[in-house]
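The values are calculated or read from the model by the stated rules, or taken from the named source; none is laboratory data. Predicted model, so just to flag it, every value in this text is computed and none were measured. Positions of Cβ are generated from backbone atoms using ideal geometry, with glycine treated the same way; all protein chains shown enter the neighbour counts. Please note that ligands, DNA and RNA were not included when accessible areas were found on the heavy atoms of the full protein model with its side chains. Shrake-Rupley method; radii C 1.70, N 1.55, O 1.52, S 1.80 Å.
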Amino acid sequence: MSRVHTVTLNPAIDQTVSLPHLAVGEVNRASAVRHDPGGKGVNVASVLADWGVDVMAHGLLGRANAAPFEALFSRKSIVDRMVRMPGETRTNVKILEEGGRTTDLNLPGFAAGTSDLGPLAESLSAVAEGELVVISGSHPAGLPASASARLAALARERGARVLCDVSGEALVEVLAAPVLPDAIKPNRHELEGWAGRSLADRAELAEAARALVARGIALVVVSLGTEGALFCSAAGAVLARPVELSRGSTVGAGDAMVAGLASALVEGLDLGATAARATAFAAAKLRNPGPHLPGRDEVRALEARVERVAVADWIHAAGPMADEGERT
Ligand SMILES: Nc1ncnc2c1ncn2[C@@H]1O[C@H](COP(=O)(O)OP(=O)(O)OP(=O)(O)O)[C@@H](O)[C@H]1O
Ligand SMILES: O=P(O)(O)OC[C@@]1(O)O[C@H](CO)[C@@H](O)[C@@H]1O
């Protein structure tokens, strides 16, 4: 299987704090806490490595607390090309209540600058023609909004395909670039942020995704939390529902879905099989804490259970879309 490169400009140590109920403005006592090296691209790398893909991790990493990342990379044989930065990688606090509601406090970490794009570009010189580059997550303070778009352009110049999961101004830049990525996976809120309007109506949402395909993005996937995800390409559009509902933390479900998309792109799966693969990866990741996949047989069994619905039927389904929450 061809190698996949992940780019994480703003990694994070995810500190998941479990408690029965979050009482804002009061003293809360946690029942458990865990720490996972994360950040969107790191999560993608970790899940892909579990699937058996050869992965190279690029991006920026604080030198002062790099150990948990280095341990993850070494345990999963991920090639570590992350540029070390002075200072610490941020810690992101995820408050998980018993009912499954999660509140994210994403903290600031090391600051970066335009000069850090040089070493990042140099690291991407390891990308070979035909490989896949996955660019995910936010930018640290000081990096221009165009950083992800510039790295995507570099990857394309090297003959690689590019899958982007970025939001806000970075998504605006990526979608305004002369050469568009091959695939994107915004969630609904990220797509709304880009479109500058609400997309609460299923038909409008499908139309926005189809319009991006028409502009030249081969695969547009809009993830919708418990509603599932919409997969659009020139071959058509399909909605894949979650295999099973999770009441635990859903942090990283989108990244597992991106990892599933990456594996589908590498293996050349068709649209329906891509939807099943990506949805199964999300469900499989949600069975356990942390950015990990269970064994292949378990993932394959989930893949076989994914319900796919023709988009016309989904649009005409009664009722509002399931509430997929506000987290991104
Ligand atoms: N509570 C849940 N139960 C089951 N499956 C879920 C749940 N939440 C999400 N999923 C699955 O994970 C996929 C991706 O989730 P979501 O749309 O929340 O991504 P995201 O917003 O990018 O998440 P994140 O940024 O936390 O990784 C969904 O399309 C769905 O298949
Ligand atoms: O602040 P960003 O870069 O948008 O998101 C960071 C983050 O919330 O995304 C991952 C889950 O998708 C977590 O591991 C991490 O804490």
Residue 304: open to solvent by less than 30 Å² (accessible area, probe 1.4 Å), among the hydrophobic types (A, V, I, L, M, F, W, C) and free of Cβ contacts under 8 Å to residues at least 40 places away in the same chain, yes or no?
no
Check residue 98 against each of (1) more than 16 Å from ligand 2 (Cβ to nearest atom); (2) over 29 Å from residue 226 (Cα atoms); (3) in contact (Cβ under 8 Å) with a residue 12 or more places away in the chain and name the one condition it does not meet.
(2)
What tally of residues in segment 1-11 results from selecting those that are open to solvent by less than 20 Å² (accessible area, probe 1.4 Å) and under 17 Å from residue 259 (Cβ atoms)?
6
Search segment 235-252 for residues that are under 15 Å from residue 278 (Cβ atoms) and pair each with any residue that is within 14 Å of ligand 2 (Cβ to nearest atom) and open to solvent by less than 30 Å² (accessible area, probe 1.4 Å) when their beta-carbon atoms are under 6 Å apart and the residues are at least 6 apart or on different chains.
252/43; 252/291
Residues being open to solvent by 30 Å² or more (accessible area, probe 1.4 Å) and either modelled with pLDDT under 95 or in a loop (DSSP other than H, G, I, E, B) (or both) - total across segment 23-41
8
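The rows are residues; the columns are (1) charged (D, E, K, R); (2) over 23 Å from residue 64 (Cβ atoms).
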site: 107; (1), (2): no, no
site: 128; (1), (2): no, yes
site: 140; (1), (2): no, no
site: 154; (1), (2): no, yes
site: 158; (1), (2): yes, yes
site: 163; (1), (2): no, yes
If residue 250 satisfies every condition in (1) among the polar types (S, T, N, Q); (2) away from ligand 1 (no atom under 14 Å from the Cβ); (3) touching a Ser or Thr at 6+ places or on another chain (Cβ under 8 Å) but one, which is the exception?
(2)
Out of all the residues in segment 273-287, is one or more farther than 16 Å from residue 254 by Cβ, in contact with a helix residue (DSSP H, G or I) (Cβ under 7 Å, 6 or more places away or on another chain), in contact (Cβ under 8 Å) with a residue 40 or more places away in the chain and open to solvent by 10 Å² or more (accessible area, probe 1.4 Å)?
no
Out of all the residues in segment 191-198, is one or more within 16 Å of ligand 1 (Cβ to nearest atom), open to solvent by 40 Å² or more (accessible area, probe 1.4 Å) and either within 20 Å of the chain's Cα centre (by Cα) or of a type in the set (S, T, N, Q) (or both)?
yes
Open to solvent by 50 Å² or more (accessible area, probe 1.4 Å) and either touching a helix residue (DSSP H, G or I) at 6+ places or on another chain (Cβ under 9 Å) or among the acidic types (Asp, Glu) (or both): does that describe residue 97?
no
Quick one: is residue 148 farther than 30 Å from residue 18 by Cβ, open to solvent by less than 30 Å² (accessible area, probe 1.4 Å), touching a residue at least 24 places away in the same chain (Cβ under 8 Å) and within 16 Å of ligand 1 (Cβ to nearest atom)?
yes
Restricting attention to strands (runs of 3 or more DSSP E) lying wholly within segment 83-176, give those where 2 or more residues are at pLDDT 95 or above and within 30 Å of residue 28 (Cα to Cα).
90-97, 102-106
